[in-house]
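Enquirer: I have a structure I would like to understand better, so I am pasting it below and will then ask my questions one at a time.
Readers should treat all values here as calculations from the given coordinates under stated rules, not as data from a laboratory. Everything quoted here is computed from the prediction, not taken from an experiment. For neighbour counting, all protein chains shown are included, and Cβ atoms are generated from backbone atoms with ideal geometry for every residue, glycine included.
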Amino acid sequence: MSILQEVTNEDQRFLMLLSLVHMSFEGNDSMIKDALYAYGHRISSSDIKEHLLWLEGMGLVELSKVGPYTKAKLTQKGQDVAEGRERVNGVRRPRAGEL
């Protein structure tokens, strides 16, 4: 994987967590895709789902199926990472003024 792809993945994962904070800690894959688009990331639905599975594997979100959607619920650890209180390799840290 190229360094550019690693940086992109880290940014997308962070923004997914931050979006969930702003969505009252839960949202579906379609809402998350729209949020990333608003942040300037054009990302496929399959990449969103891949990132969600990765985040679940790290204990940052809990996933469930609701009809055709994948629902993501932020865990306490996920909130701590999104708000810069905890560090997880593979998720970028928040910048000053970003929260």
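Enquirer: When only C-alpha pairs under 8 Å and at least 6 residues apart count, what is the relative contact order of the range 3-82, in percent? Mind dumping the intermediate values first?
Expert: Numbers: 92 pairs, mean separation 26.6, N = 80.
About 33 percent, as a whole number.
Enquirer: Net charge near residue 11, counting Lys/Arg +1 and Asp/Glu -1 over other residues with Cβ under 11 Å of its Cβ? Mind showing how you got there, number by number?
Expert: Working: positive: 13, 92, 93, 95; negative: 6, 10.
Residues near residue 11 contribute +2 overall.
Enquirer: Let me ask something else about it. Nearest 500 deg cm²/dmol is fine: what mean residue ellipticity at 222 nm does the chain get from its DSSP H runs of n ≥ 4 alone, each adding -39,500 (n - 2.57), divided by its residue count? Numbers along the way, then the final one.
Expert: Working: 4 runs with 50 residues, N = 99.
So the calculated ellipticity at 222 nm is -16000 deg cm²/dmol.
Enquirer: Please report the net charge: other residues with Cβ closer than 14 Å to the Cβ of residue 69, K and R +1, D and E -1.
Expert: Charge balance near residue 69 sits at +2.
Enquirer: Under 17 Å from a point placed 7 Å out from the Cα of residue 98 along the Cα-to-Cβ direction: which residues of the range 17-44 have their backbone N that close?
Expert: 17-23, 35-42
Enquirer: Now for a separate question. Taking the Cα centre of the chain as origin, sum charge times position over the Cβ atoms of Lys and Arg (+1) and Asp and Glu (-1), and report the length of that vector in debye to the nearest 20. The partial results should precede the final answer.
Expert: Numbers: 13 positive and 14 negative charges, 9 e Å.
Computed charge dipole of the chain: roughly 40 debye.
Enquirer: With θ set to phi - 60°, apply the Karplus curve 6.51 cos²θ - 1.76 cosθ + 1.60 along the range 61-73 and write out the HN-Hα couplings as whole Hz, x wherever there is a Gly or Pro.
Expert: Listing the rounded values in order: 9, 10, 10, 8, 9, 10, x, x, 9, 9, 8, 10, 10 Hz.
Enquirer: Which of the lysines could a cross-linker span from residue 49 if the Cα-Cα distance has to be under 16 Å and same-chain partners fewer than 8 positions apart are dropped?
Expert: 33, 65, 71, 73
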